[in-house]
1. Using a Gaussian network model of the chain whose springs link C-alpha atoms within less than 10 Å, name the residue from 98, 63, 27 with the highest mean-square fluctuation.
2. Quick one: grab Rg to one decimal and Dmax as a whole number for the stretch 121-169, Cα atoms only, in Å.
3. Per the helix-only calculation at 222 nm, which mean residue ellipticity applies to the chain, given -39500 (n - 2.57) for every DSSP H run of n ≥ 4 and division by its residues, nearest 500 deg cm²/dmol?
4. With a point put 7 Å past each Cα toward its Cβ, work out how far residue 155 is from residue 103 in nm, to one decimal.
5. Considering only 157, 137, 78, give the residue with the highest GNM mean-square fluctuation for the chain, with springs between Cα atoms whenever their separation is below 10 Å.
6. Sort largest first and round to whole Å: the equivalent ellipsoid semi-axes of the chain, each the square root of five times a Cα gyration tensor eigenvalue.
7. Could you calculate the contour length gain from residue 65 to residue 17, that is, 0.36 nm times the residue separation minus the distance between their Cα atoms, to one decimal place in nm?
8. Let me check against my output: what whole-number percent is the relative contact order of the chain, with C-alpha pairs under 8 Å and at least 6 apart?
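Any read-out appearing in this document is the output of simple, stated calculations on the displayed coordinates, not a laboratory observation. Bear in mind the structure is a predicted one, so any value in this text is a computation, not a measurement. All Cβ positions, glycine included, derive from the backbone under ideal geometry; neighbour counts span all protein chains shown.
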């Protein structure tokens with residue numbers, strides 16, 4: 001099929017699919033589906049920027065515990081505890097495996113303590129280290145305590161230096 005160029009919007013009621021056809025077998029592979037929910041299965045592009053941080057799945061940790069890699073992978077953890085709570089992140093090996101991380105993988109982790117009645121403190125585990133910014137400026141980038149109530153939201157960035165080690169920084 002020939003390439004087609006449109007000057008106006010392209011619309012579909014059932015979404016769009018990007019496909020690859022195997023030259024030998026003719027097998028069709030769906031690389032990406034664009035619609036009400038967008039999915040990408042074969043991604044080889046670099047320098048992607050995602051601006052919509054929608055978290056359809058969240059995790060709740062309401063007592064001192066070590067978060068599972070699956071809980072952190074949701075990108076959004078809530079806490080409603082009346083007692084001070086410490087959430088320890090999983091090891092770099094476990095989190096890296098859950099995310100399929102490689103050197104350069106970056107994810108944001110949001111902690112929502114707006115319904116909590118006490119502070120939540122984040123701790124890193126084995127193969128997780130605080131960034132230089134966090135170590136140099138503990139009152140901001142290194143502030144690992146999330147207040148309760150209306151100001152109880154925080155964003156942390158997890159950057160992988162390898163598939164099994166991450167650097168942790170508070171970014172909001």
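1. Among 98, 63, 27, the largest mean-square fluctuation in the Gaussian network model of the chain belongs to 27.
2. Calculated on Cα positions, Rg and Dmax stand at 11.5, 36 Å.
3. Details: 3 runs with 18 residues, N = 172.
Computed mean residue ellipticity for the chain: -2500 deg cm²/dmol.
4. Result: 2.7 nm between the two label points.
5. Largest GNM mean-square fluctuation: 137.
6. Numbers: eigenvalues 285, 74, 45 Å².
Square roots of five times the eigenvalues give 38, 19, 15 Å.
7. Values: separation 48, 0.36 × 48 = 17.28 nm, distance 4.17 nm.
Full extension of this stretch gives 13.1 nm more.
8. Working: 360 pairs, mean separation 29.7, N = 172.
In percent, rounded to a whole number, it is 17.
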